[in-house]
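Below: the structure, in structure tokens.
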Amino acid sequence: MTATTDGSAGAAGPATATTAELHRTTTTAPVETDLRTAAETAMRRSVEHLLGRQDAEGWWKGDLETNVTMDAEDLLLRQFLGIRDDATTEATALFVRGEQRDDGTWATFHGGPGDLSATVEAYVALRLAGDAPDAPHMARAAAWVRENGGIAASRVFTRIWLALFGWWKWEDLPELPPEMIYLPSWFPLNIYSFGQWARQTIVPLTIVSAKRPVRPTPFALDELHTDPRRPLPPRALAPANTWDGLFQRLDRALHGYRRVAPRALRRAAMNAAARWIVERQENDGCWGGIQPPAVYSLIALHLLGYDLGHPVMRAGLDSLDRFAVRREDGARMVEACQSPVWDTCLATIALADAGLPPDHPALVRAADWLLAEQVVRPGDWAVRRPGLPPGGWAFEFHNDTYPDIDDTAEVILALRRVRHPDPARVDAAIARGARWTLGMQCRDGAWGAFDADNTSHLPNRLPFCDFGEVIDPPSADVTAHVVEMLAHEGRAHDPRTRRGVAWLLAEQDPRGSWFGRWGVNHLYGTGSVVPALTAAGLPTGHPAIRRAVAWLEAVQNDDGGWGEDLRSYRDEKWVGRGASTASQTAWALLALLAAGERDSAAAARGVAWLAGTQREDGSWDEPYFTGTGFPWDFSINYHLYRQVFPLTALGRYVHGEPPAGRGH
């Protein structure tokens, strides 16, 4: 398999036969307008482009672009372990320099403001690469850091990385005792109170926090402090009767406990944490299919005596190398995660809705690959659902510990669009997946992403947890995808589906939109919820649907597209506002089409925008980040979003909505 510069796989074969098939499926209907012709042409081009990106094994994967902290921390990990090499350093530095803005800062999303922690970490990475602090680009960055509070104002994660090299004092960081591994699952602030991504990071960090290692480097970072003589300005305690005050005092108590903690207990706790980590290493060496837990797990295990030749360490380091994407200019970008299951099910839906025959070899190959990816063993989710049989799908190539509800729902929707030569195998997999999904429903009738009822807000209060969302409460987009899947499985009237519908109706924003947890933002939420509600039987005249349509019409851009900036997570003025993008325009169109607005002026303008902005090769350009890891704090540019969602919208515009109840 040969990767292209945007992470897609090499072509699986020529698409000429497919073009003829699409002509048969799309040109038999009479041409109604020039717009329909333009939509059909754009759709055919998009199908050819997407088919050319399928891997021979059946999967699709686009780059998952985040921000330079991934690259900086990868370099810092290699420095800490003593394995940093010149070639990797130079390629990483080339990428990091290319992401710097004119004001000297680094942002966490395209067009966003400078981010202090990202700028500190990028600066340190470039210092490791040999960039001089008095070089103009470095001096600009350092000046901006000082103007914005210096290292002391950066997030805890950044200061942990600096503490590893003596650039920050461990005693000035929040305490994370490894003894928390012993807290039972019913106890507040046990490790299962955290979302899976935070849990996998916190457990190894308890070992790092207990060990407090320092690997000195040949340079200081005085230029990043507002006052090098006093790097940490004094801070007043919050009042004791507030949550912040309570947890500040708890942290002080934990610092005191560190001095008196029984050595045998601490040693046993670290060993228990290490066993927990090793048990969750995936077959390819990664942890949870995401980069941050891997880097901290490797550091933690190394501190406990695992040498670099140990099979666990060797596999972990090899897995990190697979997160690196080489660009045409030689730059090396590190993905925080990889999304083949998600990309493949969305691509399958898009191609099927665009009229590709359901038994087309590309769709059958995709279905075969997805079927093999089903998770059939328990993971951490079983802590809250111990009697539930497994059957979900994860996001990544290898992640049997953490399947997620969102992927499972979309994979089932994708599999139902394929005429597979072994329908019994498909039916059995779907039955397992639907059963698991229903079992993961939360008490309030909705669904989170990875766990059921992961809703305690106490973890967010910890001084340590300033790096983004650390819990996994239900969200409108995940719940909508589940409701849509259940409706297509003939369960629209199941009481559990109706509870999900009721929850979605109650969550509608007064504007008429829905908040988007895993995509940006109200456009993603609304584009997910409206198709789900209509699939579940809500009439297009229902007041909630009409309010959603009115909101979409009100926020449509003058050019006919839709866009929403990530700043909408912090500033209400940005809700539904931003430069038009292909993926967000598609989300709006999916909602309008599901609401019966195919012939509306808003839908026509949106389709015209998609057709008019398509590139000659059938793709769309989209530098903007429209995916969400943590709202505002961690943003994602899924490079395949710009392809799969516009194709789905164009396909439904040309062919109509997919019929509900296919699972009967």
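Things to note:
- Among 430, 440, 374 the positive-end extreme of the charge dipole of region 344-482 (Cβ point charges): 430
- Extension gain from residue 542 to residue 244, taking 0.36 nm per residue of separation minus the Cα-Cα distance: 102.9 nm
- On Cα atoms only, tilt of 34-51 relative to the major axis of the chain in degrees: 50 degrees
- Ranked by how many other beta carbons lie within 10 Å on average, peptides 401-408, 428-435 from highest: 401-408, 428-435
- Virtual spin-label span in nm between residue 259 and residue 550, 7 Å along Cα→Cβ: 6.4 nm
- Packing rank of 353-360, 96-103, where each peptide gets the mean count of other beta carbons within 10 Å, highest leading: 353-360, 96-103
- Within straight-line cross-link reach of residue 169, aspartates and glutamates at Cα separation under 19 Å, skipping those fewer than 8 residues along the same chain: 73, 121, 222, 223, 227, 251, 466
- Helical content alone sets the calculated 222 nm signal of the chain at -15000 deg cm²/dmol, taking -39,500 (n - 2.57) per DSSP H segment of four or more residues and averaging over every residue.
- Sites residue 214 and residue 41 - FRET efficiency at Förster radius 60 Å, r taken between beta-carbons, to 0.05: 0.45
- Given their separation in residues at 0.36 nm each and the Cα-Cα distance between them, residue 134 and residue 185 gain 13.2 nm when the chain is fully extended.
- Of (1) 35.8; (2) 27.6; (3) 28.9, the label for mean projected area of the Cα convex hull in nm² derived from the coordinates: (3)
- Computed on region 557-637, the Cα convex hull volume stands at 101 Å³ per residue.
- Each of 227, 599, 343, 494 has some number of other Cβ atoms within 10 Å of its Cβ, and from fewest to most they run 599, 227, 494, 343.
- Cβ-Cβ distance of residue 308 and residue 616, R₀ of 56 Å, FRET efficiency by 1/(1 + (r/R0)^6): the value works out to about 0.70.
- Theoretical FRET efficiency, 1/(1+(r/R0)^6), r = Cβ-Cβ of residue 601 and residue 329, R0 51 Å, to 0.05: 0.70
- Taken over the alpha carbons of region 210-272 as equal point scatterers, the Debye sum produces base-10 log I(q)/I(0) values at 0.29 Å⁻¹ of -1.13.
- Cα shape, region 406-565, gyration tensor, a/c 1.5 rule: oblate
- With Cα atoms, 0 to 90° folded angle of helix 196-211 axis to the chain main axis: 10 degrees
- Kirkwood-Stokes translational diffusion coefficient of region 242-352, alpha-carbon pairs, 37 °C, 0.692 mPa s, µm²/s: 190 µm²/s
- Only one residue of 503, 303, 185 has its Cα farthest out toward the positive end of the dipole of the chain, where Lys and Arg carry +1 and Asp and Glu -1 on Cβ, and that residue is 185.
- Taking the empirical scaling 2.2 N^0.38 Å for compact globular proteins as reference, region 122-183 has a Cα radius of gyration ratio of 1.41.
- To the nearest ten degrees, helix 522-535 and the longest principal axis of the Cα atoms of the chain are 40 degrees apart.
- Hits among aspartates and glutamates - C-alpha to C-alpha of residue 61 under 15 Å, sequence gap 8 or more where chains match: 6, 335, 343, 373, 396, 407
- Per-residue Cβ neighbour rank within 10 angstrom, fewest leading, 270, 333: 270, 333
Computed from the coordinates by the stated procedures, all read-outs in this text should not be read as laboratory data. The structure presented is a predicted model; accordingly, all values stated were derived computationally and were not measured. Ideal geometry is used to build each Cβ from the backbone, glycine not excepted, and the neighbour counts take in all protein chains shown.
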